[in-house]
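Enquirer: Please see the structure below; I have some questions.
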Amino acid sequence: EAGSNTLHEVSRGCFRLADQGHGALIVLERDAALEDLEEGATVLDAQLCEEILVAIFQPTSPIHDGAVLLREGRLAVAGAFLPLSTRADLPTLLGTRHRAALGLVETTDALVFVVSEERRAVSIAFRGDLHLVDTPDQLRLKVQELLSTEAEEEQASTGTFPPARAPSASFPPEDRSR
C-alpha cells in the first residue's frame, strides 16, 4: 500500500517536477493488479527515490512520456500508457495527463499523482475524482485521508470490520524435537 517512504519520495518528486515546469503521471498500484499497463512500457524494477522520478520525467528522457507504475514501493515500469476518461463533464482545461489519470481511477483502486507542467500544480486522482494539493505535506495528508475514508466507507457498506489476524500466522511452528 502507500507506505510513508513511498509517499515521501513521490511527494518530493512531484513538487520538484512542478517547480521545474515538467509534467508527470505516477501510478500507485493497490489491490487491483495493473499488469495491462506494462505492455509496451520500459521495465525498471528499481528502488523508488525522488531523484529517479525527477530524471524519468525530464523532457530529454526517452521514457518521459506516459506514466510510471509503482508496485510494492518500487518503480516497476516507465512509459506506461493509461486509458483516457470518456467523461463528458470534465472541464476543458484538463489535458491528456489528467484525463489519463481519471481514466485509470474510474475503473481501478489505484492512486495517480499528476503534475501539470502548464499550471505547475500537483493533483491526486482517486476513485474518479481529482484533488489539488499545494505542498508535499498536504499530498501525504490527503492520501492518508482518502485511504482512511475509503476504508470507513467499505466498512460501513459491508457492515464488517477488517479480519483479525490469527496470532499463529506470525509465529514459527513449535519445535517438538526438544
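Enquirer: Could you tell me which numbered condition PHE57 fails, if it satisfies all but one of (1) open to solvent by 80 Å² or more (accessible area, probe 1.4 Å); (2) farther than 26 Å from GLU145 by Cα?
Expert: With respect to (1) open to solvent by 80 Å² or more (accessible area, probe 1.4 Å); (2) farther than 26 Å from GLU145 by Cα, PHE57 is out only on (1).
Enquirer: For segment 108-138, name all the residues that are out of contact with any helix residue (DSSP H, G or I) (no Cβ under 8 Å at 6 or more places or on another chain), of a type in the set (S, T, N, Q) and either farther than 25 Å from LEU34 by Cβ or at pLDDT below 95 (or both).
Expert: GLN138
Enquirer: Being among the aromatic types (Phe, Trp, Tyr) and open to solvent by less than 10 Å² (accessible area, probe 1.4 Å) is the requirement here; does PHE113 meet it?
Expert: Here the answer is yes, as PHE113 does meet what is asked.
Enquirer: Restricting segment 127-156 to residues that are among the acidic types (Asp, Glu) and over 18 Å from GLU50 (Cα atoms), which is surrounded by the most Cβ atoms within 10 Å (Cβ to Cβ)? Working first, answer last.
Expert: First pass over segment 127-156, keeping only residues among the acidic types (Asp, Glu): 129, 134, 137, 145, 150, 152-154.
Checking the rest, the ones that are also over 18 Å from GLU50 (Cα atoms) come to 129, 145, 150, 152-154.
Details: ASP129: 12, GLU145: 11, GLU150: 14, GLU152: 10, GLU153: 11, GLU154: 11.
The extreme case among them is GLU150.
Enquirer: Please specify each residue of segment 28-48 satisfying the condition of being surrounded by 11 or more Cβ atoms within 10 Å (Cβ to Cβ), touching a Gly at 6+ places or on another chain (Cβ under 8 Å) and assigned to a loop (DSSP other than H, G, I, E, B).
Expert: Those that are surrounded by 11 or more Cβ atoms within 10 Å (Cβ to Cβ), touching a Gly at 6+ places or on another chain (Cβ under 8 Å) and assigned to a loop (DSSP other than H, G, I, E, B): ALA41, LEU48.
Enquirer: Any idea which of LEU70, LEU102 is outside any loop (DSSP other than H, G, I, E, B), touching a residue at least 12 places away in the same chain (Cβ under 8 Å) and under 20 Å from PHE15 (Cβ atoms)? Break it down stepwise before answering.
Expert: Numbers: LEU102 fails: under 20 Å from PHE15 (Cβ atoms).
Selected residue: LEU70, the only one of LEU70, LEU102 that is outside any loop (DSSP other than H, G, I, E, B), touching a residue at least 12 places away in the same chain (Cβ under 8 Å) and under 20 Å from PHE15 (Cβ atoms).
The values are calculated or read from the model by the stated rules, or taken from the named source; none is laboratory data. Since the model is a prediction, treat every value here as computed from it, not as a measurement. Using ideal geometry, Cβ is built from the backbone for each residue, glycine included, and neighbour counts are taken over all protein chains shown. Just so you know, the surface numbers come from the protein's heavy atoms only, side chains and all, with ligands and any DNA or RNA stripped out. Shrake-Rupley method; radii C 1.70, N 1.55, O 1.52, S 1.80 Å.
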